[in-house]
Amino acid sequence: MSTDLFVPNFSLNSGSTKDKLIFILSSNPGLKTKKIHHLLKKKFGVSVTYQAVHKLLKQLVEDGVVEQKGYKYRINDKWIDQLYNFVEHLKKKTNSDQPTAIEKGISFLDSNSMVQSITFNKLENLDIFYNKLREKQLKFISKIDPDERIVCYHAIHYYGALLAPQKEYNYLKILKSKNMKAYGLCKGDTLLDRWVRDFYLQNKKSNYFLKTGVDCADLSEIWLFPTLLVEIHYSANFLSIFDDLYKSVKEIRDIKINEVLNKMYKNQDPILIVLNKNKEIIDSVRRKTLEHFDFIK
């Protein structure tokens, strides 16, 4: 196994064959060489022989990036952990200006307060906060009544699966293992929104249900857990950038993920977060969300 950490370039337009192969496996785990070869040619127009793909897979296995089980290949979880730790380390070094906001938000969960607001000046900090919050909430949800294990999301555009597809794929597995259900509403209905929707719905037995083109998130995006409502308020400038980026993508093979994410992350407009434990409001938001799926839980 290689001791160097390989960081892929997820710009599908300019990335190497290796980058595209990893992208395919990140959203389609457990593929045979023949299927990977087919997807490289069909989705990305890569002119490469079957033998070359086989050789590249063998090299990635040796480097610890990919693991082989029988005739199928998938991303190596250990490599994902290394990559995640590397990114988290960079985030901590570059975002040390706001550790108190993240800590303030997390500590609110165990406090007696009912409402708390915090502000982030970078999208990276919001992502760090969300990951910590989700991890803590998942531990709590696994201990409550199965009928209450529901999380809901209202988004202008979904981007989690673009940023960290393998991590979101693991989240889908966690939902299943903990008998949880997630319901997402997305205001956007662009090609990118539909691609993300299909990512979460790729398995017919998935516990994640997502609809695009829904009239939602007019005032804020929402993360809803059984006992917590989180509202995310972006600036009008950021929303304009966000919307224009998604609408600019006309074909999947032309997606420049790094370019999209870089433009989003360069913006440093304040992001206001409001955390609320009011049960009546939480129940109301959950009920209105589930109505879009033709039932109330």
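Bear in mind these aren't lab numbers, they're just calculated from the coordinates by the rules spelled out. None of the values given here were measured: they were computed from a predicted structure. A quick note on method: Cβ atoms are made from the backbone with ideal geometry, for glycine too, and the neighbour counts reach across all protein chains shown.
Please name which of Trp79, His154, Gly188 has its Cα lying farthest along the dipole of the chain towards the positive end, using unit charges on Cβ (Lys, Arg +1; Asp, Glu -1) and the Cα centre as origin. Positive-end residue among those listed: Trp79.
Roughly what angle does helix 165-177 make with the longest principal axis of the chain, taking Cα atoms, 0 to 90 degrees, to the nearest 10? Taking the Cα atoms of the chain, the angle to 165-177 is about 60 degrees. Between the helical axis of 236-248 and the longest alpha-carbon principal axis of the chain there is an angle of about 30 degrees.
Each peptide in 150-162, 125-137 was scored by the mean count of other Cβ atoms within 10 Å over its residues; highest first, the order is 150-162, 125-137. Here r is the Cβ-Cβ distance between Ser284 and Ser248 and R0 is 45 Å; the resulting FRET efficiency, rounded to 0.05, is 0.80.
To the nearest 500 deg cm²/dmol, what mean residue ellipticity at 222 nm is calculated for the chain from DSSP H runs of n ≥ 4 alone, each contributing -39,500 (n - 2.57), summed and divided by the residues?
-15500 deg cm²/dmol
Taking 17 Å as the straight-line reach from the Cα of Lys20, the aspartates and glutamates in range (excluding those fewer than 8 positions away in the same chain) are Asp63, Glu67, Glu251, Asp254, Glu259. Taking the dipole about the Cα centre of the chain, with the C-beta of Lys and Arg at +1 and of Asp and Glu at -1, give me whichever of Ile118, Ser142, Val230 is farthest to the positive side. My answer, from the dipole projection, is Ser142. With R₀ set to 30 Å, the beta-carbon distance separating Asn179 from Tyr84 gives a calculated FRET efficiency near 0.75.
Given Cβ point charges of +1 (Lys, Arg) and -1 (Asp, Glu) and nothing else, what value in debye, to the nearest 20, does the dipole of the chain about its Cα centre take? Present the calculation step by step, with values, prior to reporting the outcome.
On the way: 48 positive and 35 negative charges, 280 e Å.
In total the dipole reaches around 1340 debye.
Extension gain for Lys35 to Val48 (0.36 nm times residue separation, less C-alpha to C-alpha distance): 3.4 nm.
Decide, for the chain, between rounded, prolate and oblate: order the square roots of the alpha carbon gyration tensor eigenvalues as a ≥ b ≥ c, take rounded if a/c falls under 1.5, and otherwise choose prolate if a/b is larger than b/c, else oblate. Prolate, because a/c is 1.5 or more and a/b exceeds b/c. Counting only residues at least eight positions apart within a chain, or on another chain, the aspartates and glutamates with an alpha carbon under 12 Å from that of Lys277 are Asp110, Glu231.
The residues Asp193, Asp244, when put in order of fewest to most other Cβ atoms within 10 Å, stand as Asp244, Asp193. Each of Lys143 and Glu62 was given a label point 7 Å from its Cα along the Cα-to-Cβ line. The distance between the two points is 4.8 nm. Summing charges over all other residues whose Cβ lies under 14 Å from the Cβ of Ile80, with Lys and Arg as +1 and Asp and Glu as -1, gives -2. Relative to the longest principal axis of the Cα atoms of the chain, the long axis of helix 33-44 makes an angle of roughly 70 degrees.
What the Cβ-Cβ distance of Leu272 and Lys69 gives, at R0 = 35 Å and to the nearest 0.05, is a FRET efficiency of 0.15.
Which ordering of Asp215, Asp189 is given by a fewest-first count of other beta-carbon atoms within 10 Å?
Fewest-to-most Cβ neighbours within 10 Å comes out as Asp215, Asp189.
If only the Cβ of Lys and Arg carry +1 and only the Cβ of Asp and Glu carry -1, the dipole of region 147-234 around its Cα centre is close to 580 debye. Distance between the modelled labels on Ser107 and Thr119, one decimal in nanometres: 1.9 nm (7 Å Cα→Cβ projection).
For the residue pairs Lys178/Lys250; Lys167/Lys187; Lys122/Lys205; Lys41/Lys78, the C-alpha atoms sit more than 31 angstrom apart in Lys178/Lys250; Lys122/Lys205.
Protection proxy ranking of 275-285, 222-232, by the mean of other Cβ atoms within 10 Å over each peptide's residues and highest first, is 222-232, 275-285.
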